[in-house]
Amino acid sequence: MLDDALVHVENLRFDYGGKPVLQGINMRIPRGKVVAIMGGSGCGKTTLLRCIGGQLRPTGGKIVVDGQTVSTMNQSGIYAMRRRMGMLFQFGALFTDMSVFENVAFPLREHTDLPESLIRDLVLMKLQAVGLRGARDLMPNSLSGGMARRVALARAVALDPSLIMYDEPFTGLDPISLGVIGQLIRRLNDALGATSIMVTHDVQESLLIVDYIFFISEGKVVAEGTPDEIRHSSDPFVHQFVHAEADGPVPFHIKATPIMDDLFGGRHA
Amino acid sequence: MSRTTLDLWVGFFVAIGIAALLFLALKVGSFSGVQMEQTYQLQAKFDNIGGLKVKGPVKSAGVVVGRVTDIRFDPDTYEAVVVLAIDSRFTFPKDTFASIYTSGLLGDQYVGLEPGGDERKLAAGDTVFKTQSAVVLEKLVSQFLFNKAAEGQDQK
Amino acid sequence: MLNPVNLLRQLGSRMVEGIWRLGYATRFFGAVLLNSGAALRRYPLTLREIYFSGVLSLIIIMVSGLFVGLVLGLQGYEILQRYGSAEQLGTMVALSLLRELGPVVAALLFASRAGSAITAEIGLMKATEQLKAMDMMAVDPVARVVVPRFWGGVIAMPILATLFSAMGIFGGWLIGVVAIGVDDGSFWSQMQASVEFGHDVWNGLVKSFVFGAAVALIAVFEGYDSEPTAEGVSRAITRTVVTSALAILALDFVLTSFMFRGTS
């Protein structure tokens, strides 16, 4: 079934400086769903997102978004595709020299010739959706982390994208802001009829809002399933991750010689 | 910052820039090089040009009327051939006298033109025949000393 | 540590690294020029950068110009009066400023005032992923962020250098004529007699244009190429100021030898 999935990733490989980061990723992301990609830090999940957005060119394999192959597109093709994508960066990446209003208006001004009055209405609607219409005249440096992320979310959906990507949307937020962002991700996805991909390592929040989860470790998909399946998974890696256990398939200790050798090795000699 | 205030500042910036340039153009510099777009060429041969240089001024009655555009050595006559570009607004008689002078005691050297009384005028490409070479200071000094010495001998 | 093989190897890798950066900078310059047409059509962006690098540098440029002129007036008078040619003071002040000090000192000030600000701004935008975000919104950061800053600098620099020279001549006049008492008429007339617009003023303008392009290019490149960390940005700012200063002085030598060789 090709037509019900918006994004296909087939046998994706990516090397960084000769070191393999992604080694054969396969996934289908169905239309209209919110999908989480999880894994420990440095497992290559952000790299995967960058490849889907066309910011990194994969070493091998294929990525198809909405019937078009991203991995072979030229720059103008990628730019045409990105107009239908929105992306939320880890810390929002708001333009610090523009007000909240101008930040949200930026994609509209760049890509449309809409009259100023219409741009104003659209921006205010987007800001209303994230609850920050009253903050339109503030500058980004006077916003809290959670507010900045909400403004960035409004900016990401300004052009009503069909695919929204989130790079670590929960990092560094207090529990209330975290819940707010989680709910917004779900609500905006359903209201816009979009598809969302979320890269995160926040298991508990993600299990509440997503439809499907992929676990990545060492550049490969090691487990996948709906939140219910994941919660009851007997897979030791998933179990360790979901229950935040210190030791398990992901070892606590980095590979080393036995500690006795290290401590007393010198005296034996 | 709204765009109108910004425009005002940039406008102010460009305006004082232009004002400064006008100041440099009108008060500080002169346009002598720019005015002479229409010129014609004359040649003059000198025994010795002293320190005359290309781009040096050509003056008549103290007014700049042209520039030196080329200096060559004539291997047949052992003379210096100086090419002068003269502003085409001015014409000079055939018997004009060309001399090399020094502005001030140690200043730059220039070509001075002293018009004669001939009815016929110099045309482009003509050669000025009546010339006087540069005064070389060393020659002058040695001549002066020689004369003094000669005077001293006469008085004896 | 002082192993000669190692030393040689380090030297080699430094050189390869340098040539690598030079090539990248050249390609970057090409991209800036290629994107200039589209970006200049959106002139309000460039206008904004003229404001930031030009208008905001006005005070420092004009005050420095005035002081340099005052110093030139004092020193020039001191030297010229030994030869009894104090009335040439105007000529000396004007020629030194128009040919050398105006373009060079204004460009050095411009590099440390506006160039470092441009590098800091672009470097911080890179460090906070703003450039990547822009790229993901299908807006080319080179066209949107880099090109307006480059042309803003290129346009502002000759204006600033002109103002610097004008202020300097004014300063020389203040010291020479008002304070010391050189004759006002001969101050200006001697100046006019030996300063030629097409030669001296124009060549000074050409110089400042070249310096402006060099500083602006170095500033945007260092910002764009900076490591996306606080440390990386501060290193990039230092590099902008140092590289700009070297580039200005080296270019000045090259330009001077072309412009003023063998003629008075």
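The values are calculated or read from the model by the stated rules, or taken from the named source; none is laboratory data. Since we're looking at a predicted model, the values are computed, not measured. When we count neighbours, we look across all protein chains shown, and the Cβ atoms used for this are built from the backbone with ideal geometry, even at glycine.
Please return the ranges of helices (runs of 4 or more DSSP H) entirely within the range A:149-241 where 2 or more residues are assigned by TED's automatic domain parsing to the domain that holds residue A:54 and among the basic types (Lys, Arg). Lay out the reasoning, then the answer.
Details: elements: A:175-192, A:203-209, A:227-231.
So the answer is A:175-192.
Quick check, is residue C:54 within 11 Å of chain B (Cβ to nearest Cβ), within 30 Å of residue A:110 (Cβ to Cβ), at pLDDT 90 or above and in contact with a Leu (Cβ under 9 Å, 6 or more places away or on another chain)? Steps first, please.
On the way: within 11 Å of chain B (Cβ to nearest Cβ): yes; within 30 Å of residue A:110 (Cβ to Cβ): yes; at pLDDT 90 or above: yes; in contact with a Leu (Cβ under 9 Å, 6 or more places away or on another chain): yes.
When the stated conditions are applied, residue C:54 passes them.
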Would you mind telling me which numbered condition in (1) in contact with a Lys or Arg (Cβ under 6 Å, 6 or more places away or on another chain); (2) farther than 19 Å from residue A:172 by Cα; (3) more than 14 Å from every other protein chain (Cβ to nearest Cβ) residue A:104 fails? (3)
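Taking the range A:72-88 as the search range and keeping residues that are in contact with a Gly (Cβ under 8 Å, 6 or more places away or on another chain) and free of Cβ contacts under 8 Å to residues at least 40 places away in the same chain, which one is surrounded by the most Cβ atoms within 10 Å (Cβ to Cβ)?
Per the stated criteria, the residue is A:82.
Taking only the range B:37-55 into account, find how many residues are in contact with a Leu (Cβ under 6 Å, 6 or more places away or on another chain) and basic (Lys, Arg). Reasoning before the result, please.
First, pick out the residues of the range B:37-55 that are in contact with a Leu (Cβ under 6 Å, 6 or more places away or on another chain): B:42.
Narrowing further to those that are basic (Lys, Arg): none.
Residues flagged as in contact with a Leu (Cβ under 6 Å, 6 or more places away or on another chain) and basic (Lys, Arg) within the range B:37-55 amount to 0.
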Name every residue in the range C:37-67 that is under 20 Å from residue C:103 (Cβ atoms) and not in a helix (DSSP H, G or I), in order of residue number. C:54
Out of curiosity, is residue C:62 modelled with pLDDT of 90 or more, within 14 Å of chain A (Cβ to nearest Cβ) and out of contact with any Gly (no Cβ under 7 Å at 6 or more places or on another chain)? no
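Just to be sure before I move on: is residue C:245 under 15 Å from residue C:120 (Cα atoms) and either among the hydrophobic types (A, V, I, L, M, F, W, C) or not in a helix (DSSP H, G or I) (or both) in the structure I sent? Break it down stepwise before answering.
Numbers: under 15 Å from residue C:120 (Cα atoms): no; either among the hydrophobic types (A, V, I, L, M, F, W, C) or not in a helix (DSSP H, G or I) (or both): yes.
No, not satisfied.
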Filter result for residue C:219 (within 20 Å of residue C:51 (Cα to Cα), within 14 Å of another protein chain (Cβ to nearest Cβ), part of a helix (DSSP H, G or I) and touching a residue at least 12 places away in the same chain (Cβ under 8 Å)): no
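It is to be established whether one or more residues within the range A:163-173 are more than 28 Å from residue C:123 (Cα to Cα), of a type outside the set (S, T, N, Q) and touching a strand residue (DSSP E or B) at 6+ places or on another chain (Cβ under 6 Å).
Going residue by residue through the range A:163-173, those that are more than 28 Å from residue C:123 (Cα to Cα) are A:163.
From what is left, the residues that are of a type outside the set (S, T, N, Q) are A:163.
From the residues that got through so far, the ones that are touching a strand residue (DSSP E or B) at 6+ places or on another chain (Cβ under 6 Å) too are A:163.
Yes, the range A:163-173 contains a residue that is more than 28 Å from residue C:123 (Cα to Cα), of a type outside the set (S, T, N, Q) and touching a strand residue (DSSP E or B) at 6+ places or on another chain (Cβ under 6 Å).
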Among the residues of the range B:22-41, are any closer than 30 Å to residue B:138 by Cβ and touching a helix residue (DSSP H, G or I) at 6+ places or on another chain (Cβ under 7 Å)? no
Just the residues that are surrounded by fewer than 23 Cβ atoms within 10 Å (Cβ to Cβ) and more than 16 Å from residue C:149 (Cβ to Cβ), please, taken from the range C:202-224. C:202, C:203, C:205, C:206, C:209, C:210
Of all residues in the range B:11-26, which are facing another protein chain (nearest Cβ under 7 Å) and at pLDDT below 85? B:24, B:25
Conditions: (1) surrounded by fewer than 20 Cβ atoms within 10 Å (Cβ to Cβ); (2) out of contact with any Lys or Arg (no Cβ under 8 Å at 6 or more places or on another chain). Residue C:227 meets all but one. Number of the miss? (2)
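Any residue at all in the range C:193-208 that's of a type in the set (A, V, I, L, M), within 30 Å of residue C:260 (Cβ to Cβ) and away from every other protein chain (no Cβ under 14 Å)?
Start the filter on the range C:193-208 by keeping residues that are of a type in the set (A, V, I, L, M), which leaves C:193, C:195, C:201, C:205-206.
Retained after the next criterion (residues that are within 30 Å of residue C:260 (Cβ to Cβ)): C:193, C:195, C:201, C:205-206.
Those left that are additionally away from every other protein chain (no Cβ under 14 Å): none.
Among the residues of the range C:193-208, not one is of a type in the set (A, V, I, L, M), within 30 Å of residue C:260 (Cβ to Cβ) and away from every other protein chain (no Cβ under 14 Å), which makes the answer no.
Take the range B:111-127 and flag every residue that is closer than 14 Å to residue B:60 by Cα and either modelled with pLDDT under 85 or of a type in the set (A, V, I, L, M, F, W, C) (or both). Can you show your working first?
Kept after step one, since they are closer than 14 Å to residue B:60 by Cα, are these residues of the range B:111-127: B:111-116.
If the condition is that a residue be closer than 14 Å to residue B:60 by Cα and either modelled with pLDDT under 85 or of a type in the set (A, V, I, L, M, F, W, C) (or both), then B:111, B:113, B:116 are the ones that fit.
Take residue B:83 and decide whether it is of a type outside the set (S, T, N, Q) and at pLDDT below 85. It would help to see each step written out before you state the result.
Numbers: of a type outside the set (S, T, N, Q): yes; at pLDDT below 85: no.
No: the conditions fail for residue B:83.
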Condition first: touching a helix residue (DSSP H, G or I) at 6+ places or on another chain (Cβ under 8 Å), among the charged types (D, E, K, R) and closer than 19 Å to residue A:33 by Cβ. Now tell me which residues in the range A:212-256 satisfy that. A:231
Given A:197, A:185, A:119, which one is touching a Phe, Trp or Tyr at 6+ places or on another chain (Cβ under 9 Å), more than 14 Å from every other protein chain (Cβ to nearest Cβ) and surrounded by 15 or more Cβ atoms within 10 Å (Cβ to Cβ)? A:185
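Rundown of residues vs (1) surrounded by fewer than 24 Cβ atoms within 10 Å (Cβ to Cβ); (2) within 14 Å of chain B (Cβ to nearest Cβ); (3) within 26 Å of residue B:9 (Cβ to Cβ), yes/no style:
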| residue | (1), (2), (3) |
| --- | --- |
| C:127 | yes, no, no |
| C:144 | yes, no, yes |
| C:155 | yes, yes, yes |
| C:162 | no, yes, yes |
Selection status of residue A:253, more than 30 Å from residue A:145 (Cα to Cα), outside any loop (DSSP other than H, G, I, E, B) and more than 16 Å from the chain's Cα centre (by Cα): no
Could you grab the pairs with beta carbons closer than 8 Å, sequence gap of 6+ or different chains, first residue in the range B:5-22 and among the charged types (D, E, K, R), second one part of a helix (DSSP H, G or I)? B:7/C:47
Condition first: at the interface with chain C (Cβ under 8 Å from one of its Cβ atoms) and not in a strand (DSSP E or B). Now tell me which residues in the range A:82-96 satisfy that. A:82, A:83, A:89, A:90, A:91, A:93, A:94, A:95, A:96
All but one of (1) closer than 17 Å to residue A:164 by Cβ; (2) more than 11 Å from chain C (Cβ to nearest Cβ); (3) in contact with a strand residue (DSSP E or B) (Cβ under 9 Å, 6 or more places away or on another chain); (4) buried (at least 21 other Cβ atoms within 10 Å of the Cβ) hold for residue A:14; state the number of the condition that does not hold. (1)
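A quick yes/no check of all residues on (1) within 18 Å of residue C:53 (Cβ to Cβ); (2) within 14 Å of chain B (Cβ to nearest Cβ); (3) touching a residue at least 24 places away in the same chain (Cβ under 8 Å):
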position	(1), (2), (3)
C:98	no, yes, yes
C:102	yes, yes, yes
C:112	yes, no, yes
C:115	yes, no, yes
C:119	yes, no, yes
C:122	yes, no, yes
C:133	no, no, no
C:136	no, no, no
C:159	yes, yes, yes
Could you check the range B:44-132 for strands (runs of 3 or more DSSP E) lying wholly inside it with 2 or more residues that are among the aliphatic types (A, V, I, L, M), touching a residue at least 24 places away in the same chain (Cβ under 8 Å) and within 14 Å of another protein chain (Cβ to nearest Cβ)? B:63-74
